[in-house]
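K.L.:
Below are the C-alpha cells for one structure; questions will follow.
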Amino acid sequence: MPFINMAMTKEEFMDKQKHLEFIQGVINRMANCSFLLKGWAITIMGAIFALAAKDANLRFIIISYIVLPFFWLLDAFYLSKEKQYRALYDTVRIKEEKDIDYSLDTKDFDSGRNTWFHSFFSKTLNIFYIPLFIITLIIMFIFPNA
C-alpha cells in the first residue's frame, strides 16, 4: 500500500495511485520479458543439443557458447531496468503529491545495484546461466566424439 498523506485530497491520491500503477505495469513487463528470455534460452539450448546429438557434430554445442551470452546480456538488461523502475516506484511512493512529476524516466536510478553490469553478475541470473554453461561443458566432455 502506498504512503498515504492525510492532507491529500481523494483526486490527488487517485492520481498518485494511477502513476504507481503505470510504474508497476512497466515492472511487470520487464519481469515478463526476463521470464520469456529464460524460456527461450532453455528452448534454444535444447534444440542445439538435439542437433548436436542427431548429427553427431560438436560444432552445434560450441554454438551454444555464442548464443547463451547474448541471452544472459539481454536478461541482465531487463533485470537492470526492472530494478530501476522498482527504485522509481519506491521514490514516488514516499513523495508528496505536489512533488510528483509523473515521469517514467529512470536515468536517476541507473547506478549502483541497478546497472546493467551489476545485474549481469546478480545471483538470480548466475543461478540460471552458469549451470547452463556447466551442462554444456559436461556434454562436450561426455560426448567428445560427437
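K.L.:
To the nearest 0.05, what FRET efficiency results for F22 and I66 with a Förster distance of 35 Å applied to their C-beta separation?
P.N.:
0.40
K.L.:
To the nearest 20 Debye, how big is the dipole of the chain about its Cα centre, given +1 on the beta carbon of each Lys and Arg and -1 on that of each Asp and Glu?
P.N.:
Using only the charged Cβ atoms, the result is roughly 560 debye.
K.L.:
Let me ask another. Which links in K38/K81; K16/K83; K18/K123; K38/K83; K98/K123 stretch past 28 Å when you go from one Cα to the other?
P.N.:
In this structure, K18/K123; K98/K123 lie more than 28 Å apart at Cα.
K.L.:
Taking amide H positions as placed 1.01 Å from N in the peptide plane, with prolines and chain starts having none, which residues 5 or more places from T106, or on another chain, fall under 5 Å of its amide H?
P.N.:
For T106, no residues qualify.
K.L.:
Expressed as an acute angle from 0 to 90° and rounded to the nearest 10, what is the orientation of the C-alpha long axis of helix 123-142 relative to the principal long axis of the chain?
P.N.:
With rounding to tens, the tilt is 10 degrees.
K.L.:
Please list H118, H19 in order of solvent-accessible area, largest first, computed with a 1.4 Å probe with all protein chains present.
P.N.:
Result of the area sort, largest leading: H118, H19.
K.L.:
Next question, about the same structure. Suppose R0 equals 25 Å. What FRET efficiency, 1/(1 + (r/R0)^6) with r the Cβ-Cβ distance, do R59 and I130 give to the nearest 0.05?
P.N.:
Efficiency computed from Cβ-Cβ geometry: 0.65.
K.L.:
Taking N as the number of residues in the range 77-132, what is its Cα Rg relative to 2.2 N^0.38 Å?
P.N.:
This ratio for the range 77-132 stands at 1.37.
K.L.:
How many Å² of accessible area per residue for the range 10-50, probe 1.4 Å?
P.N.:
59
K.L.:
Cα axis of helix 58-94 to longest principal axis of the chain: angle in degrees, 0 to 90, nearest 10?
P.N.:
10
K.L.:
Next question. Rg and Dmax of the chain over Cα atoms: what are they, in angstrom?
P.N.:
For the chain, the Cα radius of gyration and maximum Cα-Cα distance read 21.3, 74 Å.
K.L.:
If E21, E96 are ordered by their accessible area, calculated over protein heavy atoms with a 1.4 Å probe, which sequence runs from highest to lowest?
P.N.:
Putting E21, E96 in descending order of accessible area: E21, E96.
K.L.:
What angle do you read, to the nearest 10 degrees and between 0 and 90, between the alpha-carbon axis of helix 10-55 and the longest principal axis of the chain?
P.N.:
The angle comes out near 0 degrees.
K.L.:
If you average 1/r across every pair of different Cα atoms in the range 25-91 and take the reciprocal, what Kirkwood value do you get, in Å?
P.N.:
13.3 Å is the Kirkwood radius here.
The values are calculated or read from the model by the stated rules, or taken from the named source; none is laboratory data. This one's a predicted model, so the numbers in the text were calculated from it and none came from an experiment. No Cβ is skipped: glycine too gets one built from the backbone with ideal geometry, and neighbour counts run over all protein chains shown. These accessible areas exclude ligands, DNA and RNA; they are computed on the full protein's heavy atoms, side chains included. Shrake-Rupley method; radii C 1.70, N 1.55, O 1.52, S 1.80 Å.
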